[in-house]
């Protein structure tokens, strides 16, 4: 059990901080969201209360890029950091009325105090993985913007004056050309980064040996699993990606078919869906036969595709675990 816990509500410019222990709230302050200021505050708390590194636990909600200074500060000072899912904190903190940053910091601190035995401590990812993650986000941003401009080109052609459309399409095509160049550059940087790391290059080749898995899906899997260090169980990753079905029943009145949860990482789910579509409809392999057989039995096509998504996840974890390329007709030596 930690002697003191710090709940932090993170925003772009500032951090609302609540220091707490078993006897109650000790102080509530606001500090700038900068590593130097965070480090200075952590040292001040430790000195004033006679604490060592192991006596203190910092808890915050995972809020994307804005938590980076906090992660750096805790890593440099050697203080444990717990980044929790905001939804988890919300549903386990009871009914609340009113909302502001100060109350949120106190809520996070109270949550950390109550559930500190369930804390999952954060560790800074490898530099290569962190860079890969940023490059993937940048590329996806360009792809989304390109789709918007392409939609303007195709959707408005019949509903504008020809001369107006001609001038507009010329400008849009210029933007699309620049975005294509940016996408190509980021993808080239991703490939160079993968090629520079022997372990990541090996994992990428193993993943791509699975039918339906392309370069983008393989790289995304490596980033999402932190090179398969954060996830060891494929079933847990299926839950993370939103492809694991759950039952929805209550008493005798509510009887729903099993379905996936919407609380999932939609970016990896979309890539898995494309891989499942390719394996099921465009490649004449085992999964194609499975898809045709299940559809012929009357199964819903989307349910079958979801089962194929899960199969792809299990196969990717298997090739990494066994450190060997995927074999379609693999025979277990013990069989």
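The values are calculated or read from the model by the stated rules, or taken from the named source; none is laboratory data. Computed from a prediction, not measured in an experiment: that's the story for all the values here. Neighbour counts are summed over all protein chains in view; Cβ atoms, including those assigned to glycine, are modelled from backbone coordinates with ideal geometry.
What the table below lists for this structure:
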| item | result |
| --- | --- |
| Condition met for residue 37 (touching a strand residue (DSSP E or B) at 6+ places or on another chain (Cβ under 8 Å) and modelled with pLDDT of 90 or more) | yes |
| Conditions (1) under 21 Å from the mean Cα position of the chain (by Cα); (2) more than 20 Å from residue 126 (Cβ to Cβ): number failed by residue 225 | (2) |
| Matching residues in region 8-24 - criterion: being touching a residue at least 24 places away in the same chain (Cβ under 8 Å) and either outside the structural domain of residue 50 (by TED's automatic domain parsing) or exposed (fewer than 15 other Cβ atoms within 10 Å of the Cβ) (or both) | 11, 12, 22 |
| Set 158, 153, 193: member being free of Cβ contacts under 8 Å to residues at least 24 places away in the same chain and either closer than 23 Å to residue 215 by Cβ or surrounded by 13 or more Cβ atoms within 10 Å (Cβ to Cβ) (or both) | 153 |
| One residue from 175, 115 being under 30 Å from residue 25 (Cβ atoms), in contact (Cβ under 8 Å) with a residue 12 or more places away in the chain and touching a helix residue (DSSP H, G or I) at 6+ places or on another chain (Cβ under 8 Å) | 115 |
| Unmet requirement for residue 205, which otherwise passes all of (1) surrounded by fewer than 17 Cβ atoms within 10 Å (Cβ to Cβ); (2) over 14 Å from residue 129 (Cα atoms); (3) within 23 Å of the chain's Cα centre (by Cα); (4) free of Cβ contacts under 8 Å to residues at least 24 places away in the same chain | (4) |
| Verdict on residue 298 being at pLDDT 90 or above, surrounded by 15 or more Cβ atoms within 10 Å (Cβ to Cβ) and farther than 21 Å from residue 125 by Cβ | no |
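Listed here are the residues, each with its yes/no results for (1) closer than 16 Å to residue 209 by Cβ; (2) within 28 Å of the chain's Cα centre (by Cα).
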{"position": "272", "(1), (2)": "no, yes"}
{"position": "287", "(1), (2)": "yes, yes"}
{"position": "292", "(1), (2)": "no, no"}
{"position": "295", "(1), (2)": "no, no"}
{"position": "298", "(1), (2)": "no, no"}
{"position": "301", "(1), (2)": "no, yes"}
{"position": "304", "(1), (2)": "no, yes"}
{"position": "312", "(1), (2)": "yes, yes"}
{"position": "320", "(1), (2)": "yes, yes"}
